[in-house]
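The values are calculated or read from the model by the stated rules, or taken from the named source; none is laboratory data. As the structure is a computational prediction, the values presented were derived from the model and not from experiment. Heads up, the Cβs are rebuilt from the backbone with ideal geometry, glycines too, and the neighbour counts pull from every protein chain shown. Just so you know, the surface numbers come from the protein's heavy atoms only, side chains and all, with ligands and any DNA or RNA stripped out. Shrake-Rupley method; radii C 1.70, N 1.55, O 1.52, S 1.80 Å.
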Amino acid sequence: MRRTIRAVAAAGLLAASTFVATASPAHADVTICDQYGSTTIQGRYVVQNNRWGTSAQQCINVTSSGFQITRQQGSSPTNGAPVSYPSAFLGCHYTNCSPGSTLPMQVSRIRSATSSINYRYAGGTYNASYDIWLDPTPKTNGVNQMEIMIWFNRQGSIQPIGSAVGTTNVGGRSWQVWRGSNGSNNVISYVAPSPINSWSFSVLDFINDVRARGAITNSWYLTSIQAGFEPWNGGVGLAVDNFSAAVSG
């Protein structure tokens, strides 16, 4: 999540969260505590604090290849929305676009969309969430209509939006599939049966599965690829040690 809405009850947050800090060149060990503070790494990706669901302080330490949560004082009931979505991303999010990004790109034009992620886990109630955002238009601001969530890890009594609709195999792995809406956008979630620490995979595999379910068409646009954490409680020490993504058309 990222200043988007995780539950219908959180819909009022959107209007108050329209500002994103301007991305700036990153150096190793940059600390960000601003609510929507962000910076760039490797001249390719944006790392954002994105503390959208709480007024409590959260800080991340940005490295040359990812970030780590160093302070997280917020708390949210597990039957509601998380407190934040600190993440690294390729593409555009609320007008904040990663340098040189080819996104948004129409799905029909995508020849390859690959990514690699290394997560480091810690205590708390959270998910390790990899988000893929799509919209019928080449949108660079506001909420997109389709959110694909890949839950690499789930800790605590939390669950995806909507309800479980079955299982599937994507990218050579088995997933429990959930489908629903948070009131602002549709969500299809793929939940791993056990934690995944690292994976290199095709983002296009998940997009194709969602298209096969009738949720999008080839005329839609891929707008961003994001990897991070959604904490409900705790989470200090959670880290994306390495994130990379590439989309070609």
Go through 165-176, 213-224 and give me the packing order, highest mean Cβ count within 10 Å leading. 213-224, 165-176
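Could you compute Rg(Cα) / (2.2 N^0.38 Å) for the range 47-154, with N its residue count?
Expressed relative to 2.2 N^0.38 Å, the Cα Rg reads 1.15.
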Gain upon complete extension [R173, T217; 0.36 nm per residue less C-alpha separation]: 13.5 nm
State, to one decimal in nm, how far the label point of S163 lies from the label point of S200, with both points 7 Å from Cα in the Cβ direction. 4.1
With N residues in the range 155-249, Rg(alpha-carbon) / (2.2 N^0.38 Å) equals 1.17
Which percent of the accessible heavy-atom area of the chain goes to carbon and sulfur, probe 1.4 angstrom? 46
Cα-based Rg of the range 98-191 normalised by 2.2 N^0.38 Å, two decimals: 1.19
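How fast does the chain diffuse by Stokes-Einstein, in µm²/s, taking the Kirkwood radius from C-alpha pairs at 37 °C and 0.692 mPa s? Walk me through the numbers on the way to the answer.
Values: Rh = 17.6 Å.
In µm²/s, the coefficient is 187.
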Sorted from largest to smallest, which semi-axis lengths in Å does the alpha carbon gyration tensor of the range 63-114 give for its equivalent ellipsoid, taking the root of 5 times each eigenvalue? 29, 16, 10
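Would you kindly calculate the mean projected area, averaged across all directions, of the convex hull enclosing the Cα atoms of the range 41-90, in square nanometres? Walk me through the numbers on the way to the answer.
Working: hull surface 14.8 nm².
The Cα convex hull of the range 41-90, projected and averaged over all directions, gives 3.7 nm².
I'd like to check one number: the per residue accessible area of the chain, probe 1.4 Å, reported in Å² as a whole number. Don't skip to the end; give the middle numbers.
Values: 9290 Å² over 249 residues.
Dividing the accessible area of the chain by its residue count gives 37 Å².
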